[in-house]
Amino acid sequence: MQFISIGFLVFMTVFVVIYSVVPAKFRRPFLVICNILYYITWAKSIFDLVPIVAVTLVTWICALIIEKNPDDRAGKIALIFSIAGCIGALAYFKYTNFLLNTFGSVMGFILPGGGTTIS
């Protein structure tokens, strides 16, 4: 679902209306559920959601650790781990195909499956 589509407009309208009537203590879980529902629209299989759910869980667990230990060493380590995990996941999913294509072109090899990309 693209941001400039009728489907997204309907999704956002329904989301805003429901969000405005959801009690305050259920708003965060509602946001997480809507986030996952939005990503389901582009997922080819349920396994496409594993990275999103994994990053969400790791970040959430790190946030709980930081909340309990804001000034301790454990809180700082959790913060660093969370930031590194998010940036690492972003770098992997954004740049893997680019690096493999570039390396394959320079070295003159083709990956299994006949192409120089991983899909």
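Rule-based calculations on the coordinates, nothing more; no lab input. Everything numeric here is computed off the predicted structure, so don't read it as measured data. Don't worry about glycine lacking a Cβ; one is built from the backbone with ideal geometry, like all the others, and counts go over all protein chains shown.
Stokes-Einstein at 25 °C, 0.890 mPa s, Kirkwood radius from Cα pairs: D for segment 1-42 in µm² s⁻¹? Display every interim value, and only then the final one.
Numbers: Rh = 10.8 Å.
It comes out at roughly 227 µm²/s.
Put a plus charge on the Cβ of each Lys and Arg, a minus charge on the Cβ of each Asp and Glu, and nothing anywhere else: the dipole of the chain about its Cα centre is then about 160 debye.
Restricting attention to segment 1-87, which trypsin sites (Lys or Arg not before Pro) occupy a DSSP loop and are surrounded by at most 10 other Cβ atoms within 10 Å? Could the numbers behind the result be given before it?
On the way: sites: 25, 27, 44, 68, 73, 76; in loops: 44.
Those satisfying the criteria are 44.
Please find, in a Gaussian network model of the chain (springs between Cα atoms separated by less than 10 Å), the residue of 90, 99, 49 whose mean-square fluctuation is greatest. Of 90, 99, 49, the Gaussian network model singles out 99 as fluctuating most.
For residue 22, nonlocal amide neighbours, meaning residues 5 or more places apart or on other chains whose placed amide H falls under 5 Å from its own, do not occur.
With N as its number of residues, segment 14-96 has a Cα radius of gyration that, divided by 2.2 N^0.38 Å, comes to 1.31. Mean residue ellipticity at 222 nm, helices only, the chain: -24500 deg cm²/dmol; runs of at least 4 DSSP H residues each add -39,500 (n - 2.57), and the sum is divided by the number of residues. Spatially, segment 1-31 and segment 58-72 are offset by 27 Å when compared through their Cα centroids.
Couplings 3J(HN,Hα) for segment 56-70, derived from phi with the Karplus relation 6.51 cos²θ - 1.76 cosθ + 1.60 (θ = phi - 60°), are 4, 5, 4, 5, 5, 5, 4, 5, 5, 5, 5, 5, 7, 10, x Hz, where x marks Gly and Pro.
Rounded to the nearest whole Hz, the Karplus-based 3J(HN,Hα) values (6.51 cos²θ - 1.76 cosθ + 1.60, θ = phi - 60°) of segment 40-46 follow the sequence 5, 5, 9, 6, 7, 8, 5, with x at glycine and proline.
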